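Working notes, structure below.
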Amino acid sequence: MKTNNLGYPRIGSNRELKKANELYWTNKISAEELLSTAAAIRKQNWQLQADKGIDLIPSNDFSLYDQVLDLTLTLGAIPERYHEFARTNNSLDLYFAMARGAQKEGQDVVAMEMTKWFDTNYHYIVPEFTKNQKFELFSTKIIAEFIESKKLGIATKPVLIGPVSYLLLGKEKEEGFHRIDLIEKLLPVYFDILSALEKEGAEWIQFDEPFLALNLTDKERNAVTYVYNEINKKFPTIKIILANYFDCFGENLDTVLALPVHTLHLDLVRCSSQLDDILESKLLSKNTTLSLGVVDGRNIWKNDFTKSLATIKKAIDALGEDRIMIAPSCSLIHSPCNLDLETNDDTLTPEIKQWLAFAKQKIEEVTLLKSFASNEQEAESSLRFIENTVANENRKTSKLIHNSVVKNRVASITANDSKRKNTFAIRRKKQIDVLNLPLFPTTTIGSFPQTTEVRSWRAKFKKGDLSQEQYNDLLQKETEETIRFQEETGIDVLVHGEFERNDMVEYFGEQLDGFTFTKNGWVQSYGSRCVKPPVIYGDVSRPNPMTVKWAEFAQSLTPKWVKGMLTGPVTILQWSFVRNDQPRSETCTQIALAIRDEVTDLEKAGIKIIQIDEPAIREGLPLRKEEWANYLGWAIKAFRISASGVKDDTQIHTHMCYSEFNDIIQNIADMDADVITIECSRSQMELLDVFADFKYPNEIGPGVYDIHSPRVPSRNEMVKLLEKASAVIPVDQLWVNPDCGLKTRHWEETKKALIEMVAAAKEMRVTV
Ligand code: GLN
Ligand code: ZN
């Protein structure tokens with residue numbers, strides 16, 4: 001029996017990688033310094049796993065920015081528009097230019113598109129394919145990292161995204177082909193990689209094919225069969241681990257069982273039933289090993305050893321220990337690094353802390369489960385086993401978790417609670433009268449730059465170096481300046497800037513009951529951006545108003561409308577570590593009621609426009625289509641519960657980013673927000689077509705510039721995008737705004753960009 005790990009967090013327990021990347025991007029450290037930080041993190045991760053007793057330790061799970069972009073470079077699938085840049089820059093800067101765009105010395109390239117990795121909050125860089133796409137071994141990162149690990153005396157298991165999933169993760173950039181058609185051209189480059197790794201002595205290779213958890217077409221399934229048979233023919237002695245995670249194999253199971261691979265990895269947290277299906281299947285070959293993903297890589301709860309051991313035992317009884325591996329359910333990049341760093345008893349009380357496990361602890365759980373599984377007697381008398389049982393029992397009965405007032409309120413929700421009083425058509429007339437906005441009204445998505453200064457105030461306040469009053473004064477000053485800037489720029493609907501918020505979910509979680517926080521529980525979201533998801537451990541309620549004071553203050557400064565700014569229930573749920581002891585829908589409804597109270601309090605305070613951000617609705621979609629209707633049912637209802645307590649003339653906005661809407665446009669319309677703003681610029685307004693085809697009835701603000709890049713867009717570019725939008729959406733339904741909040745930007749580029757944006761809107765007003 002072996003222990004197998006699929007991937008380890010690469011940000012570093014103290015976000016060393018984030019810091020080094022950002023220093024490199026601002027020319028404060030050299031490439032060598034960045035690369036040496038990266039190497040130190042890899043070494044630390046490998047060493048930790050080796051010390052804990054992991055048999056199959058991953059390499060190439062490290063990435064400076066994103067593992068999909070790494071593979072794009074490995075396979076030489078560099079889009080045409082970077083070729084000129086590539087000629088005059090080194091490969092590191094090319095890599096970052098593809099990730100983030102680049103503007104330097106007359107060169108100006110935009111970033112590649114970014115989208116969510118399956119149903120996680122991790123974002124990857126979307127590969128782009130053309131009909132005559134060529135592939136070649138361009139970067140040898142995977143080989144270099146294997147050699148690097150060998151030199152440290154740790155023979156790792158290189159990990160790479162399988163060819164079918166790689167193609168499916170991408171996008172066709174021209175008509176006339178399906179990207180899966182490229183498989184025969186792509187495979188030879190994988191062969192090159194495998195040859196090189198084999199020559200270096202790699203024994204195991206992990207291929208991630210997470211698309212096997214989705215509904216595939218026959219053609220896509222056939223590609224899987226083709227790929228792994230070809231690989232087996234050419235490399236019969238390399239031990240291939242085929243990893244699937246986040247859901248069941250579903251109807252792909254028979255195809256998968258017939259593949260000539262050494263090991264199949266199963267996510268038994270997301271799909272526990274598949275173990276029985278596989279063990280009972282006649283198609284399971286006598287040689288296949290199963291890697292049992294029993295430790296949850298997506299959540300922070302301590303494993304239930306009794307339950308996991310029962311699962312493992314069942315598999316051992318059927319296959320024998322030699323054909324079993326114990327593993328986390330998926331890569332641990334979705335888990336925070338190390339629970340040991342949580343030393344603040346005020347936020348994470350010892351009672352709650354004992355219920356949790358982060359990446360390092362999960363690695364220990366995997367190795368403990370192996371030793372307990374091979375020696376049952378040892379298990380029962382082991383302190384670690386007893387400690388695990390006690391912690392899990394305590395969690396089931398803890399008084400911290402259950403609140404009957406909340407449970408009763410959820411139980412007495414009626415149909416009217418999720419409906420506005422009147423239809424959009426009626427509301428709209430009243431809103432037009434009250435709000436009196438021009439055509440192409442301009443607004444922003446909420447946050448303004450969270451400068452180092454702003455963050456330093458918060459840090460000082462938390463440390464006690466600033467009093468509450470001093471901290472508030474500074475935030476008020478920043479808010480006021482931001483209001484003045486928006487007034488001067490001529491923006492129509494203002495925002496207060498969200499300076500008081502550390503994060504759009506954490507800020508709310510801190511003020512809601514049933515939430516707690518970690519000090520160091522960071523998880524990579526994209527590139528150098530990390531999030532620290534709150535932990536929802538108990539029933540959720542809102543003891544006090546959360547945002548009213550800031551909205552009121554900002555509104556008091558200006559005769560223009562200031563938009564109240566909230567995070568929606570689905571996003572709060574989705575971006576938190578969620579209870580696994582009750583359905584997600586139940587937790588979401590509890591949050592929805594808390595947000596509803598905030599919305600009505602904002603209205604009472606005179607705020608006429610309230611935005612409830614729901615960027616995470618789409619990522620919450622289950623991977624398998626059969627489960628969509630159920631999820632969308634409760635998720636959309638939760639949004640409506642949060643939004644429906646207000647009068648007709650209060651305008652509700654919602655905002656979503658990185659979404660594709662084609663298959664959920666009806667549900668988006670069912671949210672019935674008066675205005676929706678969406679991320680659109682990286683796709684050149686393509687995302688808007690589905691709203692046009694659907695004849696989306698409410699108002700819509702397609703983002704006109706990319707906020708993930710420091711690049712300043714020109715007025716002309718934005719006019720072009722707005723013209724494109726006007727061609728498909730009636731102009732009186734259109735708003736003008738950036739793609740998303742501006743918190744990650746600097747003031748310099750923000751000011752320039754917004755001035756151009758307002759100019760673009762004004763130009764549209766006179767030309768239409
Ligand atoms: N209001 C948030 C902000 O501007 C929205 C962020 C988001 O959609 N991710 O920061
Ligand atoms: Zn956004």
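Derivation of every value follows stated rules applied to the coordinates shown; laboratory data play no part. Quick caveat, the model's predicted, so the values are computed rather than measured. As a convention, Cβ positions derive from the backbone with ideal geometry for all residues, glycine included, and neighbour counts pool all protein chains shown.
Using unit Cβ charges (K, R positive; D, E negative) and no other charged atoms, how large, in debye to the nearest 20, is the dipole of the range 149-204 about its Cα centre?
Details: 8 positive and 9 negative charges, 69 e Å.
With Lys and Arg at +1 and Asp and Glu at -1, about 340 debye.
Which length gain, in nm to one decimal place, applies between Glu378 and Asn422 when the Cα-Cα distance is subtracted from 0.36 nm times their residue separation?
Details: separation 44, 0.36 × 44 = 15.84 nm, distance 6.56 nm.
Extra length available between Glu378 and Asn422 comes to 9.3 nm.
Which ³J(HN,Hα) values in Hz, rounded to whole numbers, follow from the phi angles of the range 135-143 under the Karplus curve 6.51 cos²θ - 1.76 cosθ + 1.60, where θ = phi - 60° and Gly and Pro get x?
Calculated HN-Hα couplings, in order: 10, 7, 5, 9, 10, 10, 3, 4, 6 Hz.
Kirkwood hydrodynamic radius, the range 424-468, all distinct C-alpha pairs: what's the number in Å? Before the final figure, lay out each step's value.
On the way: mean 1/r = 0.0697 Å⁻¹.
The answer is 14.3 Å.
Please list, by residue number, everything in the range 133-152 whose backbone N is under 20 Å from a paramagnetic label point 7 Å out along Cα→Cβ of Leu92.
The answer is 138-149.
Counting only residues 5 or more places away or on other chains, whose amide H sits under 5 Å from the amide H of Leu56 once H atoms are built in the peptide plane?
Here the answer is Thr3, Asn4, Asn5, since their amide H atoms fall under 5 Å of that of Leu56.
What number comes out for the charge environment of Asp433, summing +1 per Lys or Arg and -1 per Asp or Glu over other residues with Cβ under 12 Å away? Display every interim value, and only then the final one.
Details: positive: Arg427, Arg428, Lys429, Lys430, Lys608; negative: Asp648, Asp649.
Within the 12 Å Cβ shell, the charges total +3.
Listed here are the pairs Lys52/Lys286; Lys314/Lys532; Lys141/Lys199; which of them are more than 27 Å apart at the Cα?
Numbers: Lys52/Lys286 30 Å; Lys314/Lys532 36 Å; Lys141/Lys199 15 Å.
In this structure, Lys52/Lys286; Lys314/Lys532 exceed 27 Å between Cα atoms.
How big is the C-alpha Rg of the range 198-268 next to the rule-of-thumb value 2.2 N^0.38 Å, as a ratio? Write down the numbers at each step before the final one.
Working: Rg = 12.2 Å, N = 71, 2.2 N^0.38 = 11.1 Å.
Cα Rg divided by the expected 2.2 N^0.38 Å: 1.10.
Restricting to bridges with both residues inside the chain, how much of the DSSP beta-bridge set is antiparallel, in percent to the nearest 5? List each step's numbers first, then the result.
Details: 13 of 67 bridges.
Looking only at bridges with both residues in the chain, the antiparallel portion is about 20 percent.
At a Förster distance of 41 Å, what's the computed FRET efficiency of Glu487 paired with Glu686, Cβ-Cβ distance as r, to 0.05?
On the way: r = 34 Å, r/R0 = 0.82.
Step by step, r from the Cβ atoms, then E = 0.75.
Could you tell me which of Thr347, Asn5, Met656 has its Cα farthest along the dipole of the chain towards the positive end, charges placed at Cβ (Lys, Arg +1; Asp, Glu -1), taken about the Cα centre?
The residue sitting most towards the positive pole is Thr347.
Quick one: which residues, 5 or more positions from Gln611 or on another chain, have an amide H under 5 Å from its amide H? H modelled 1.01 Å from N in the peptide plane, none for Pro or chain starts.
Here the answer is Gly564, Met565, Leu566, His653, since their amide H atoms fall under 5 Å of that of Gln611.
Over the alpha carbons of the chain, what is the largest minus smallest coordinate on each principal axis, giving the biggest first in Å?
73, 62, 50
Going by amide H atoms built from the backbone, whose H comes under 5 Å of the H on Ala243, apart from near neighbours?
Answer set, sorted by chain and number: Phe207, Asp208, Glu209, His265.
State the extension gain, in nm to one decimal, for the chain segment bounded by Gln582 and Asn502, taking 0.36 nm per residue of separation less the distance between their alpha-carbons.
Details: separation 80, 0.36 × 80 = 28.80 nm, distance 2.81 nm.
Additional length available on full extension: 26.0 nm.
Given a Förster radius of 45 Å and the C-beta distance between Asn287 and Asp513 as r, what FRET efficiency does 1/(1 + (r/R0)^6) yield to the nearest 0.05?
Working: r = 53 Å, r/R0 = 1.18.
Between Asn287 and Asp513 the formula returns 0.25.
In whole Hz, with x marking every Gly and Pro, tabulate ³J(HN,Hα) for the range 366-380 from phi via Karplus 6.51 cos²θ - 1.76 cosθ + 1.60, θ = phi - 60°.
4, 6, 5, 4, 4, 5, 5, 5, 8, 8, 4, 4, 4, 3, 4
May I ask you to derive the FRET efficiency for Lys199 and Arg81 from their Cβ-Cβ distance with R0 = 35 Å, giving the value to the nearest 0.05? All intermediate terms of the calculation are to be shown ahead of the outcome.
On the way: r = 35 Å, r/R0 = 0.99.
Plugging the Cβ-Cβ distance into 1/(1 + (r/R0)^6) gives 0.50.
Under the Karplus relation 6.51 cos²θ - 1.76 cosθ + 1.60, θ = phi - 60°, what is the ordered set of whole-Hz ³J(HN,Hα) values for the range 671-687, x standing for Gly and Pro?
5, 6, 5, 5, 9, 10, 10, 10, 6, 9, 6, 5, 9, 6, 6, 3, 5
Arrange the following residues from fewest to most other Cβ atoms within 10 Å of their Cβ: Asp649, Asp613, Asp670.
Working: Asp649 17, Asp613 24, Asp670 14.
In order of increasing Cβ crowding within 10 Å: Asp670, Asp649, Asp613.
Over 24 Å apart: what share of the alpha carbon pairs of the range 90-249 falls there, rounded to a whole percent?
Numbers: 5386 of 12720 pairs.
It works out to 42 percent of all Cα pairs.
At q = 0.10, 0.22, 0.24 Å⁻¹, work out log10 I(q)/I(0) for the range 411-516 with the Debye formula, treating every Cα as an identical point scatterer and leaving solvent out; two decimals please.
For the range 411-516, the Cα-only Debye profile gives -0.49, -1.15, -1.25.
Using Cβ counts within 10 Å as a stand-in for footprinting exposure, how do Trp25, Trp457 rank, fewest first? Kindly include the intermediate steps, with their values, before the conclusion.
On the way: Trp25 17, Trp457 21.
Fewest-to-most Cβ neighbours within 10 Å comes out as Trp25, Trp457.
So what's the gap between the Cα centers of the range 624-643 and the range 690-705, to the nearest angstrom?
Distance between centres, Cα-based: 21 Å.
In deg cm²/dmol and to the nearest 500, what is the mean residue ellipticity at 222 nm of the chain if only DSSP H runs of at least 4 residues count, each as -39500 (n - 2.57), divided by the residue total?
Values: 29 runs with 334 residues, N = 768.
Value at 222 nm, helices only: -13500 deg cm²/dmol.
Let me make sure I get this right: for the range 76-146, a, b and c are the square roots of the gyration tensor eigenvalues over alpha carbons, sorted descending. Under 1.5 in a/c it's rounded, otherwise prolate if a/b > b/c, else oblate. Which is it? If you can, show how the numbers build up before the last one.
Working: a/c = 1.41, a/b = 1.18, b/c = 1.19.
Rounded shape, in that the Cα axes give a/c under 1.5.
For the range 416-492 and the range 135-192, what is the centre-to-centre distance using only Cα atoms, to the nearest Å?
44
For Thr451, put the label point 7 Å out on the Cα→Cβ axis and report which residues of the range 496-516 keep their amide N under 18 Å from it.
Within reach of a label on Thr451, which here means backbone N under 18 Å from a point 7 Å along Cα→Cβ, the range 496-516 contributes 496-502.
Treat the count of other C-beta atoms within 10 Å as a stand-in for reagent exposure and order Ser541, Ser291, Ser329, Ser412 from fewest to most. Intermediate results must be reported in sequence, preceding the final value.
On the way: Ser541 17, Ser291 28, Ser329 25, Ser412 8.
Going from least to most buried by this count: Ser412, Ser541, Ser329, Ser291.
Quick check: pseudo-label points 7 Å beyond the Cα along Cα→Cβ at Val768 and Ile386, how many nm apart are they?
Label-label distance for Val768 and Ile386, simple model: 7.2 nm.
What whole number of Å gives the distance from the Cα centroid of the range 315-349 to the Cα centroid of the range 721-768?
46
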